[in-house]
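Data block below; observations after.
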Amino acid sequence: MTLRRVNARDLIFEVSDMATPGPPVWAGIGGMTEAEVDPSANEETEDTTDFDSEGNYSQEVMQRGASLKLTGRILMDDVTGVRDPGQVLVNLHATKVGPDSQVDVRFRYPWETSWSLWTATVTRGAEGGGTNNKTGLEYTFTRCGAPESAAVV
């Protein structure tokens, strides 16, 4: 076994159509240029230091959380104007409120045998760019509940 550096660009991201009944249809989210998984987002701790701690700090984690931030470029068919299917789904989910605002998202590296699977809310960030830029976009998925895993089939 040889330990190698991992290319961030190899990450695969997919979003569910959340259609019911039946199994979900997953769409890859294309055009991404950066990805950041923050396993400590929304973490809450409680200071448990007391007189018995003899001046040493102590804490307990009361809540775990995580987020996934994707940055990329808009992909659009130059004839039909149709956007990348994954971007279309994310944009649709980002308009929902209440219980409908939760979406399933999964991600993994190509060699992994299971997906990291989250139920999350998605926030759509700014889109745009300058004179010599392609139009950029941002999505932030905030995990709701415990993470799960699913076998790659």
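The values are calculated or read from the model by the stated rules, or taken from the named source; none is laboratory data. Quick caveat: nothing in here was measured; it's all calculated off a predicted structure. Positions of Cβ are generated from backbone atoms using ideal geometry, with glycine treated the same way; all protein chains shown enter the neighbour counts. All accessible areas refer to the heavy atoms of the entire protein, side chains included, with ligands and DNA or RNA removed. Shrake-Rupley method; radii C 1.70, N 1.55, O 1.52, S 1.80 Å.
Hey, which of the strands (runs of 3 or more DSSP E) in the range 17-61, taking only ones fully inside, have at least 2 residues that are open to solvent by less than 60 Å² (accessible area, probe 1.4 Å) and within 14 Å of PHE107 (Cα to Cα)? Write out each step before concluding.
Working: elements: 26-28, 32-38, 44-47.
Qualifying strands (runs of 3 or more DSSP E): 26-28, 32-38.
Checking MET62 against (1) of a type outside the set (S, T, N, Q); (2) within 17 Å of the chain's Cα centre (by Cα); (3) more than 21 Å from VAL25 (Cβ to Cβ), only one condition comes out false. Which one?
(2)
Taking the condition of being touching a strand residue (DSSP E or B) at 6+ places or on another chain (Cβ under 9 Å), loosely packed, with under 14 Cβ neighbours inside 10 Å and part of a loop (DSSP other than H, G, I, E, B), how many residues in the range 63-108 meet it?
Number of matching residues: 3.
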